[in-house]
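The structure appears right after this line, and notes come after that.
The values are calculated or read from the model by the stated rules, or taken from the named source; none is laboratory data. As the structure is a computational prediction, the values presented were derived from the model and not from experiment. Cβ sites come from the backbone with ideal geometry, for glycine too, and all protein chains shown count toward neighbours.
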């Protein structure tokens, strides 16, 4: 048999052997390298290089190959958390969350566990859209970040998680305010009150509390519920006297011959008593 024929046959044999054995190769621009010929440290390093080049999808692919070729190894563990990071950097949030979740399940005692939780929460947080849309993803981000700073309070990621938690929490309050304003504008005062009350009771630590109290005054005045309107004004004055919302509310009450004073025994009266005792806000 001629040498050229033997070479062709050998190439064919190798080709089909690779197909049957699951050989994988990665395209690095001009070079296409059989990934199975590399040590895990080499694959990991190539993944880092791809990250530095902002070729995040390629990096994620490389880090995933470590887990496939060297399962349960130290390099597989490192590759998994880096894959979650690479996917997130590539804005592939579902894939990032899946990788972070696997890390959390497989390595719950690892030193990078807090970072895995942070990436998991971040995959939701970075998908939070404008306030006009459904806020389901915001609630999932809140749940994820709460797990992080409650279970790993001394982690370096606890503080960033708390900050993002507060911002996401404010987003939920903003959504309630948007709906409440819509009801108020359309004259659905009872529905508007329910939304603004939710902000007062569940989101009192956000930036929307002062406006919510002002909108309650507007809503209650529209319904002729003067005691509730004045009590809302008293709470607003106690906590936000220097704000424009209180100035507007005071002028509105005064124009009706009313004042920001606690009246009656509504839910707002109970809130006011808590304020005086220092148990609210």
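Residue-level check: of (1) under 29 Å from residue 137 (Cβ atoms); (2) over 27 Å from the mean Cα position of the chain (by Cα); (3) crowded, with 20+ Cβ neighbours inside 10 Å, residue 199 misses just (2). Identify all residues within the stretch 219-236 that are part of a helix (DSSP H, G or I) and crowded, with 19+ Cβ neighbours inside 10 Å; write none if there are none. Those that are part of a helix (DSSP H, G or I) and crowded, with 19+ Cβ neighbours inside 10 Å: 219, 220, 221, 228, 229, 230, 231, 232, 233, 234, 235, 236. Pairing residues of the stretch 81-107 that are more than 12 Å from residue 63 (Cα to Cα) with residues that are outside any helix (DSSP H, G or I) and modelled with pLDDT under 95, at Cβ distances under 8 Å and at least 6 apart in sequence or on separate chains, gives 88/126; 91/126; 93/126; 93/127. Residues in the stretch 131-151 that are modelled with pLDDT under 85 and surrounded by 15 or more Cβ atoms within 10 Å (Cβ to Cβ): 131, 135. Any residue that is under 13 Å from residue 100 (Cα atoms) and either crowded, with 19+ Cβ neighbours inside 10 Å or touching a residue at least 24 places away in the same chain (Cβ under 8 Å) (or both) - is there at least one of those in the stretch 40-56? Scanning the stretch 40-56, I find no residue that is under 13 Å from residue 100 (Cα atoms) and either crowded, with 19+ Cβ neighbours inside 10 Å or touching a residue at least 24 places away in the same chain (Cβ under 8 Å) (or both), so the answer is no. In this structure, residue 97 does not qualify as surrounded by fewer than 21 Cβ atoms within 10 Å (Cβ to Cβ) and either part of a helix (DSSP H, G or I) or at pLDDT below 95 (or both). State whether one or more residues within the stretch 248-269 are surrounded by fewer than 17 Cβ atoms within 10 Å (Cβ to Cβ) and under 30 Å from residue 114 (Cβ atoms). Scanning the stretch 248-269 turns up no residue that is surrounded by fewer than 17 Cβ atoms within 10 Å (Cβ to Cβ) and under 30 Å from residue 114 (Cβ atoms).
Filtering 204, 171 for residues that are at pLDDT below 95 and not in a helix (DSSP H, G or I) leaves a single hit, 204.
Tell me whether the stretch 185-194 contains one or more residues that are at pLDDT below 95, out of contact with any strand residue (DSSP E or B) (no Cβ under 8 Å at 6 or more places or on another chain) and not in a loop (DSSP other than H, G, I, E, B).
no
Taking the residues in the stretch 126-168 that are more than 15 Å from the chain's Cα centre (by Cα) and assigned to a helix (DSSP H, G or I) as candidates, determine which candidate is nearest to residue 213 (Cα to Cα).
Let us first name the residues in the stretch 126-168 that are more than 15 Å from the chain's Cα centre (by Cα), namely 132, 150-156.
Retained after the next criterion (residues that are assigned to a helix (DSSP H, G or I)): 150-151.
Numbers: 150: 31, 151: 35 Å.
Here the residue is 150.
Selection of first residues in the stretch 163-187 that are touching a residue at least 40 places away in the same chain (Cβ under 8 Å) and of second residues that are surrounded by fewer than 15 Cβ atoms within 10 Å (Cβ to Cβ) and in a helix (DSSP H, G or I), restricted to Cβ pairs under 8 Å at least 6 apart or on distinct chains, gives an empty result. Candidates are the residues of the stretch 207-218 that are within 28 Å of the chain's Cα centre (by Cα) and not in a loop (DSSP other than H, G, I, E, B); the one that is nearest to residue 256 (Cα to Cα) is 213.
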